[in-house]
Structures are given as structure tokens and as C-alpha cells.
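Have a look at the structure below before the remarks.
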Amino acid sequence: MLNPYIAKLRTVFSHNNNPMVLCLDLAVYILVMFLIREVYFQQFNFITNGLFWSLSTFVVATSFMRIRGISWKEIGLCLPKNYKKALLATIFVFAFTIISILVYQMLKEHFGMQVGQDMSNEKAASKFGNLSGNWALFFTIIPFIWLQSMLEEMLDRGFLINWIEKSLSSTWFATTVAVSAQAIIFGFRHSYDLSDRSITVGLIGLAMGIGYVFFGRNLWPLIIAHCLLNTMSMLDRV
């Protein structure tokens, strides 16, 4: 049985497409998404803190969804209806991401583009430990990397794209803005500057967002592709 308070809120807000209400949701959500990262527990490693940030944001997103009467299943956390299409979506997202990054690097070199360096002072070793030749550490942390990948797809693609669309009346223009905006937020959140890292991560977010919209809005192809990309990144450090 629903909590009476939640039930009352659902009566008022369930499936409410009032742009002002949805914009307020987004403002609170994005504020929490960034402010929570100011909390860092020094006694724990970067992965633990990262999961704390994502899970805190997940609670906020889930709360808004529950109030609106929307489930994660409705926005894509469900088994694909067409597994061939899901496989195609996974391959597309993975390939498009790699190609986008390679094209960006080629254009940067060709035109001599000067992009700021990543301002984050945390090096890979301080984030993940010394992975060089350390397969035990790799297999210890990779499940948490996958969990983080899953949360990012749920939050950045699943929640953000749908909420931005709804706040802009769910037109094709709204979808374009939503896919672009979530990619910018995704990239900026990873380095807080305009650097190779923020642009690269933004391109990943753009590829994921396009894949989400054009391949049936199922989150699993994105989650699998994201996990593969992060696994490759971690293997490169071993």
C-alpha cells in the first residue's frame, strides 16, 4: 500500500506535463547532481565516492518519478522487445562513440585546435589504484565500474532526456535539445571545464543519447555499450 503522502502527491502530480513543474524537477535534480559531488569522504576511494554521488542522485530521480507515477521500466529499464534491434543499438552506440572520438582527435590535430587540459588533479592511480599488472585489483573494481555505468545511463539518458523533453512539450525540437543538453551536462560533470576529457565524455553522452532515441528507448543497449567502453578503458591501465 502506498504511503498516504506519496499517494496524495501522485493525485496532484501524476503524469503532470506542466512545464513549470517539470522545470522545477530538473532544477532540483541538476542542483543535487552537482552539489553532491562537493561531498567527498577522504577515508574512501574515488569509486566509493562516485557511487555515493550517483546513488544519491538516483534517489532524487526515483522520488520525482514515483511522485509522477512513472517507473524506470517505462523509460527503458526493461527487457528489449526485439533482441536483434537491441544488439544493433549496442553495436551502433559503441561504434559511433569510438568513431566520434577519433574524428574529434583528427579534427583537433588537423586544425591545431587548442583545448584546455583536464583540470582534475586526481590521476588514474589515485582514483582506481595502481592497475599496472594488477589483475586482482581489476577484477575487484570492475563490477563497481559496471554499476556506475548503469547508473549513469539511467540518470543521464533515462531521466534527463525524458524530463527535458516533457518540460519542452515533447516535440522533435525538445528531443534534440534534450539529447544535446544531457551530453553537455554529462561531459562537464566529469571535469568541470572545457577540456579533452569533457569533450570526449560529452561525445560519449551524445552517442548514447542518439542511440536511446533512435533504437526504441531501451536502456540496456546503452548500459552494455557503456560497460564495454569502461572495461576497455580500465584494461588499458592494466
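The values are calculated or read from the model by the stated rules, or taken from the named source; none is laboratory data. What you are looking at is a predicted structure, and each value in this text was computed from that prediction instead of being measured. Virtual Cβ from ideal backbone geometry, glycine too; neighbours counted across all protein chains shown.
Mind telling me which of the residues Ser63, Ser71 ends up being in a helix (DSSP H, G or I), polar (S, T, N, Q), free of Cβ contacts under 8 Å to residues at least 60 places away in the same chain and closer than 19 Å to Ile161 by Cα? First the steps, then the outcome.
Numbers: Ser71 fails: in a helix (DSSP H, G or I).
Exactly one of Ser63, Ser71 is in a helix (DSSP H, G or I), polar (S, T, N, Q), free of Cβ contacts under 8 Å to residues at least 60 places away in the same chain and closer than 19 Å to Ile161 by Cα, namely Ser63.
Test of understanding: among Thr200, Thr175, which residue is touching a helix residue (DSSP H, G or I) at 6+ places or on another chain (Cβ under 6 Å), in a helix (DSSP H, G or I), within 25 Å of Leu24 (Cβ to Cβ) and among the hydroxyl-bearing types (Ser, Thr, Tyr)? Give the steps one after another, and end with the answer.
Numbers: Thr200 fails: within 25 Å of Leu24 (Cβ to Cβ).
Selected residue: Thr175, the only one of Thr200, Thr175 that is touching a helix residue (DSSP H, G or I) at 6+ places or on another chain (Cβ under 6 Å), in a helix (DSSP H, G or I), within 25 Å of Leu24 (Cβ to Cβ) and among the hydroxyl-bearing types (Ser, Thr, Tyr).
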Of (1) surrounded by 15 or more Cβ atoms within 10 Å (Cβ to Cβ); (2) over 16 Å from the mean Cα position of the chain (by Cα); (3) not β-branched (Val, Ile, Thr), His110 satisfies every one except (1)
Can you tell me which residues in the range 202-222 are crowded, with 24+ Cβ neighbours inside 10 Å and in contact (Cβ under 8 Å) with a residue 60 or more places away in the chain? Ile204, Ala207, Met208, Gly211, Tyr212, Pro221, Leu222
Against the condition surrounded by 17 or more Cβ atoms within 10 Å (Cβ to Cβ), out of contact with any strand residue (DSSP E or B) (no Cβ under 7 Å at 6 or more places or on another chain) and of a type in the set (Val, Ile, Thr), how does Ile75 come out, does it pass? yes
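Could you check the range 183-216 and list, in sequence order, the residues that are on the phi > 0 side of the Ramachandran plot and at pLDDT 95 or above? Even if it seems obvious, please write down each step before you answer.
As a first pass, look at the range 183-216 and keep what is on the phi > 0 side of the Ramachandran plot: 192, 216.
Selection gives nothing.
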